[in-house]
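Peer 1: I have a structure here, written as structure tokens, and I will follow up with some questions on it.
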Amino acid sequence: MEDGLTLGRYELESRLIVGTGKYPSMDVMQAAHAASGASMVTVAIRRIHLGQSNGRTLLDYIDRERYTILPNTAGCFTAKDAVLTAQLARELLETDLIKLEVIGDEQTLHPDIRQTLEAAEQLVRDGFTVLPYIGDDPVACKQLEELGCAAVMPLAAPIGSGLGVCNPYSLTIIKERARVPVIVDAGVGTASDAVIAMELGADGLLMNTGIASARDPVLMAAAMKHAVKAGRQSFVAGRMQKRLYADASSPLQDIIRT
């Protein structure tokens with residue numbers, strides 16, 4: 001599917017996955033989700049407050065008939081905590097999906113590769129469909145694939161930075177070697193960043209802050225929808241070869257001389 005994305009046994013109509021944090025209100029979040037065209041929404045399990053005064057939680061603002069929920073282990077710093085959080089998510093949401101995050105550095109929020117590999121191995125063995133957040137490291141991505149992860153999710157830049165694709169070379173290598181979907185996760189700040197990531201061959205894109213922290217989150221969500229589609233179409237079409245010198249659009253040999 002040109003617009004769709006397959007993750008394990010899950011078929012998604014959109015290649016864009018969106019988050020649920022940092023929105024100015026739940027109403028804005030719902031409107032942005034709708035404008036994005038996404039069919040999967042990620043939720044940080046450790047940040048769901050079950051004891052709110054109005055009796056509602058974040059999950060009550062997500063239409064389960066419309067969106068596939070992707071629980072994540074944000075806030076975990078060890079494999080043990082990540083596995084426990086994934087197990088809680090499976091019980092709470094009745095899903096085998098998990099976006100695995102094991103953070104190794106509090107300032108950059110870069111993942112701990114060793115702990116991520118350890119958690120991924122256990123979760124795959126336990127029957128989870130594992131989508132691991134990882135650095136733009138071709139070796140780590142290949143190791144996660146070999147463990148049985150349904151996709152790999154290399155960062156474009158630090159989480160929430162909006163810096164865009166900082167290392168296109170590594171992302172190109174990761175995509176070239178991968179036999180599972182490559183979903184660029186973290187660092188995308190605007191529509192042009194999304195296009196670049198998709199033109200590099202990414203199979204999908206996950207973003208939250210770039211939409212939620214925009215001046216108009218709903219409008220930015222719509223922009224990201226179109227950017228992901230345009231970038232994917234451009235990648236599939238195949239760009240023209242770059243040249244050092246000009247090459248006339250109307251070659252002289254095609255002109256009839258009289």
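Peer 1: Place +1 on the Cβ of every Lys and Arg and -1 on the Cβ of every Asp and Glu in region 63-148, take the dipole about the Cα centre, and give the residue among THR78, ALA119, THR95 whose Cα lies farthest towards its positive end.
Peer 2: THR95
Peer 1: With the full set of protein chains in place, find how many percent of the accessible area of region 77-174 is carbon and sulfur; take the probe as 1.4 Å.
Peer 2: Taking all protein chains in place, region 77-174 shows 50 percent carbon and sulfur surface.
Peer 1: Sticking with this structure for a sec: In this model, which of LYS22/LYS142; LYS80/LYS225; LYS142/LYS229; LYS175/LYS225; LYS80/LYS229 are farther than 30 Å apart at the alpha-carbon? Present the calculation step by step, with values, prior to reporting the outcome.
Peer 2: Working: LYS22/LYS142 32 Å; LYS80/LYS225 36 Å; LYS142/LYS229 26 Å; LYS175/LYS225 21 Å; LYS80/LYS229 37 Å.
From LYS22/LYS142; LYS80/LYS225; LYS142/LYS229; LYS175/LYS225; LYS80/LYS229, over 30 Å: LYS22/LYS142; LYS80/LYS225; LYS80/LYS229.
Peer 1: Looking at region 125-192 from every direction and averaging, what is the projected area of its Cα convex hull in nm²?
Peer 2: Averaged projected hull area, Cα only: 4.6 nm².
Peer 1: Can you give the charge dipole size of region 58-122 about its Cα centre, rounded to the nearest 20 debye, using +1 on the beta carbon of Lys and Arg and -1 on the beta carbon of Asp and Glu?
Peer 2: 60 debye
Peer 1: For ARG56 and VAL236, compute 0.36 nm times the residue count separating them, minus their Cα-Cα distance, and round to one decimal in nm. Mind dumping the intermediate values first?
Peer 2: Working: separation 180, 0.36 × 180 = 64.80 nm, distance 4.31 nm.
The ARG56-VAL236 span can extend by a further 60.5 nm.
Peer 1: Among ARG90, ARG239, ARG177, whose mean-square fluctuation peaks in a Gaussian network model of the chain (Cα, cutoff 10 Å)?
Peer 2: Highest fluctuation among the options: ARG239.
Peer 1: Related question: In square angstrom, what is the accessible area per residue of the chain with a 1.4 angstrom probe?
Peer 2: Value for the chain: 51 Å² per residue.
Peer 1: Beyond 16 Å, what share of the Cα-Cα pairs of region 96-160 remains, rounded to the nearest whole percent?
Peer 2: 37 percent
Peer 1: Moving on. Using only the C-alpha atoms of region 105-258, find the volume of their convex hull and express it per residue in Å³. Don't skip to the end; give the middle numbers.
Peer 2: Numbers: hull volume 24.8 nm³, N = 154.
It is 161 Å³ per residue.
Peer 1: Moving on. Let me spell out the model: positive unit charges on the Cβ of Lys and Arg, negative unit charges on the Cβ of Asp and Glu, origin at the Cα centre of the chain. What dipole size does that give, in debye rounded to 20?
Peer 2: Magnitude of the dipole: close to 480 debye.
Peer 1: Shifting gears a bit: Dipole magnitude of region 115-258 about its Cα centre, charges +1 at Lys/Arg Cβ and -1 at Asp/Glu Cβ only, in debye to the nearest 20?
Peer 2: My answer is approximately 600 debye.
Peer 1: Using all alpha carbons of the chain, what is the percent of pairwise distances in each 10 Å bin, ordered from the shortest bin to the longest?
Peer 2: Spelled out bin by bin, the chain gives 7, 31, 36, 16, 5, 3, 2, 0, 0 percent.
The values are calculated or read from the model by the stated rules, or taken from the named source; none is laboratory data. Fair warning: this is a prediction, and the values are worked out from it, not measured in the lab. Cβ: placed from backbone, ideal geometry, glycine included. Neighbour counts: every protein chain shown. For accessibility, only protein heavy atoms count, side chains too; no ligands or nucleic acids. Shrake-Rupley method; radii C 1.70, N 1.55, O 1.52, S 1.80 Å.
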